[in-house]
Amino acid sequence: MNNFDIFNGDADGLCGITQLRLAYPRQTTLITGAKRDNMLLNNVVLSDNSQLTVVDISLHSNLLGLTRALNQGCSVEWFDHHHSGAIPEHPNLVTHIDTDPTLCSSLIINKLLNNRFVHWAIVAAFGDNMQDSAYALAAALGISQVTVDVLKDLGMCINYNSYGACIEDLHYHPQELCEVMRQFNEPMSLVAETDLLPTLKEHYEADLTSARRTPVNVINEYVALVILPNSKWSRRINGLYANELSNQFPNRAHAILTEKNDGYTVNIRAPQNNPLNAHRVALKFETGGGRHTAAGIQHFTADQTNNLVDELKRQYFLQ
Ligand SMILES: [Mn+2]
């Protein structure tokens with residue numbers, strides 16, 4: 001029988017599978033990717049009767065792969081906090097799915113493991129930007145401020161590593177991170193014994209510095225636009241840089257255009273002081289989608305820029 005661990009390559013996916021494999025060691029084939037590779041189960045070739053552990057990818061988006069796996073006689077255990085859609089009833093499927101907005105996959109797993117590797121869960125919560133949950137858990141356990149700061153740094157840096165259009169854009173393959181992380185029951189030991197954290201931090205800072213050097217086209221008090229070049233650093237940092245600008249200028253909506261070979265991708269952020277309808281702006285374009293606060297357009301062309309600016313102005317001007 002073959003065992004597969006299938007998990008998102010971001011901090012939550014990695015910390016989730018780390019907790020599970022520390023608790024239940026098992027030889028497995030690792031299937032992971034960049035954060036945006038969220039259809040991992042649909043795209044994997046499984047052997048019949050395998051055991052699958054799936055962490056931090058949506059069941060809804062992977063229903064095809066799940067159905068196929070169950071038909072092949074595989075057993076599947078699923079841990080996640082994304083929208084799942086209707087969960088198929090099958091004797092070989094066990095799910096631990098909770099879409100409570102204060103939970104991430106690693107917090108769900110932590111609860112099942114009774115805080116056994118809770119520091120890893122806190123790393124994940126910071127990585128998934130669930131600061132309140134992370135701080136609350138740390139406070140409940142009386143974890144020192146110094147330790148919390150390190151766990152937060154680690155979570156944000158592992159999360160940063162997962163951004164990019166494809167695996168080649170990433171500094172570390174998440175599979176490599178997974179193999180390193182599972183050697184440590186305790187993330188503070190990983191930080192003490194490896195140079196992973198300072199290395200990621202340096203890359204993170206370098207990417208941010210490059211982004212900050214790019215001119216910001218301030219359309220008016222409520223709308224600003226940035227165009228990042230076709231480069232790996234742009235693809236790694238565009239979303240995090242959009243968040244940074246949004247924190248810095250809370251009255252302003254932001255659109256970050258990242259050049260690619262045949263146009264642009266777009267990250268949109270609603271103003272923090274008016275955090276609505278970013279997805280509405282994005283949906284004006286064919287490949288747009290997202291949430292109220294953060295949305296995106298997969299494929300965008302330069303001649304649509306005026307349209308986008310008009311939509312942003314219409315949505316956010318004088319509100
Ligand atoms: Mn997550």
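Just so you know, all these numbers are worked out from the coordinates, no wet-lab data involved. The model shown is predicted, which means the values in this text are computed figures rather than measured ones. Reconstructed Cβ throughout: ideal geometry from the backbone, glycine too, with neighbour counts over all protein chains shown.
Return a whole-number percent for the relative contact order of the chain, with Cα pairs under 8 Å and 6 or more residues apart as the contact set.
Answer for the chain is 13 percent.
The alpha-carbon of residue 152 sits under 17 angstrom from the alpha-carbons of these aspartates and glutamates, leaving out residues fewer than 8 places away in its chain: 10, 12, 128, 132, 186, 195, 202, 205, 244. Stretched out straight at 0.36 nm per residue, the stretch from residue 262 to residue 167 would grow longer than its current Cα-Cα span by 32.2 nm. Scattering from the C-alpha atoms of the stretch 100-211 alone, worked out with Debye: what is log10 I(q)/I(0) at q = 0.21 1/Å? Result of the Debye calculation: -1.23. Each residue, residue 192 and residue 87, gets one label point 7 Å from its Cα in the Cβ direction; the gap between the two is 3.9 nm. Other residues with beta-carbon under 13 Å from the beta-carbon of residue 2 carry, at +1 per Lys or Arg and -1 per Asp or Glu, a net charge of -1.
In plain terms, the residue of 48, 207, 10 with the fewest other Cβ atoms within 10 Å comes first and the most crowded comes last, giving 48, 207, 10. Neighbour counts of other Cβ atoms within 10 Å put 120, 233, 78 in the fewest-to-most order 233, 78, 120.
In this model, which of 35/201; 35/260; 232/284; 35/232; 201/260 are farther than 20 Å apart at the alpha-carbon?
232/284; 201/260
In terms of its alpha-carbon gyration tensor, the stretch 76-125 comes out oblate; a/c meets the 1.5 threshold, while b/c is at least as large as a/b.
Translational diffusion of the stretch 38-178, estimated by Stokes-Einstein from the Kirkwood radius over alpha carbon pairs at 25 °C in a medium of 0.890 mPa s, is 150 µm² per second. The label-point distance for residue 283 and residue 251, in a model that sets each label 7 Å from Cα toward Cβ, rounds to 2.9 nm. Taking each DSSP H run with n ≥ 4 as -39500 (n - 2.57) and averaging over every residue of the chain yields -13000 deg cm²/dmol at 222 nm. When Rg and the Kirkwood radius Rh are both evaluated on Cα atoms of the chain, their ratio Rg/Rh stands at 0.98.
With a Förster radius of 51 Å applied to the C-beta separation of residue 201 and residue 72, the computed FRET efficiency comes to 0.75. Remark: 189, 234, 50 ranked as 189, 50, 234, counting other beta-carbon atoms within 10 Å and listing the fewest first. Tell me, rounded to the nearest percent, the portion of alpha carbon pairs in the stretch 214-316 spaced more than 16 Å apart. Beyond 16 Å sits 49 percent of the P(r) for the stretch 214-316.
Loop sites here are GluC sites (Glu not before Pro) outside DSSP states H, G, I, E and B with no more than 13 other Cβ atoms within 10 Å. The longest part of the chain free of them is 90-220.
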